[in-house]
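Visitor: Have a look at the structure that comes next, please.
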Amino acid sequence: MSPESPSCKSDAKTWLGGCFLSHLDRGAILERIRQWIVRGSKGHYACAINVSKLVASQRDSKLRAFLANSSVNIADGAPILAATRWVGNPIPERVTGVELMEDLLQLADQQGYSVYFFGSKQQILDKVVARCVEEFPGAVVAGARNGYFSAEEESAIVSEIAAANADILLIALGVPQKEYFLDDHNNDLNVSLSLPVGGAFDVYAGEKKRAPGWVQRFGVEWLWRSAYDLSRARMVLKSAFPFIGIVLREIFSQRLTGKKK
């Protein structure tokens, strides 16, 4: 997509519970990231917003501020995409964290960009790096570090990432650990784009499977995953009613009163 494309320039947003969703399609997001890397612009980060993260941000002011200050936020889940439609200010499409991570690896392969992999268990991390090298030989692996560390080791990890001079940093820690890590150290990491990817490493390593294509197309991947993961099912149930409350408040605020944020 050309840098002159209107969707590349768009800063339009839809707000849900103090968190915004970017009005950028998949191609425009990648073009924007490419421009940051080409220009040597540092300190940008993107976030994948799902229902549980949105709900958690309502009671976690640090997480809420982190999401609100992101360079790009994507809808990582059909309910989030649907919510933007319900409030009358729809975003172009759903883009999951797994999809954006794979898009970034492909972009790195095509442009020769460097990637630092941070997080998950060592055996998972090794599989992720090995698959990246095999599938995307043009991407430069700037470094890799598992996600198990003490508070005393944190500053050394930040220095290690900064010294690697990577273009892209992928962070596979839990919620809100990865968001807190990036919020605390973003200005010191020396990367153009950081992406908290959570369980995407597990999927990319083949340890967990995404829902079949037809399930994804119907927008019920969250239900399919809950059927195979009881802890996730509990999280979905716990988040459902607070999410409905957030959406109803935004419908009243934005659609019924005509005030777009």
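The values are calculated or read from the model by the stated rules, or taken from the named source; none is laboratory data. For clarity, every value in this text was computed on a predicted model and none was experimentally measured. Glycine gets a Cβ as well: all are built from the backbone with ideal geometry, and neighbour counts include every protein chain shown. Only protein heavy atoms, including side chains, enter the accessible area calculation; ligands, DNA and RNA are left aside. Shrake-Rupley method; radii C 1.70, N 1.55, O 1.52, S 1.80 Å.
Visitor: Just to confirm, what accessible area per residue do you get for region 69-165 at 1.4 Å probe, in whole Å²?
Guide: Per residue, region 69-165 has an accessible area of 43 Å².
Visitor: Return P(r) of region 1-118 (all Cα-Cα pairs; 5 Å bins starting at 0; whole %; ordered from short to long distances).
Guide: Calculated P(r), rounded to whole percents: 2, 11, 21, 23, 20, 13, 7, 2, 0.
Visitor: Continuing with the same structure: For a quick protection proxy, order the peptides 122-129, 158-165, 38-45 by their average other-Cβ count within 10 Å, most packed first.
Guide: Highest to lowest by the protection proxy: 122-129, 158-165, 38-45.
Visitor: What is the percent carbon and sulfur in the accessible area of region 23-158, measuring with a 1.4 Å probe over the protein chains and ignoring ligands?
Guide: 47 percent
Visitor: In region 106-135, whose amide N lies under 19 Å from the spot 7 Å out along Cα-to-Cβ of Ala156? List them in ranges.
Guide: Residues passing the 19 Å test: 117-122.
Visitor: Let me ask something else. What FRET efficiency, computed as 1/(1 + (r/R0)^6) with R0 = 22 Å and r the Cβ-Cβ distance, is obtained for Gln110 and Ser41, rounded to the nearest 0.05?
Guide: 0.70
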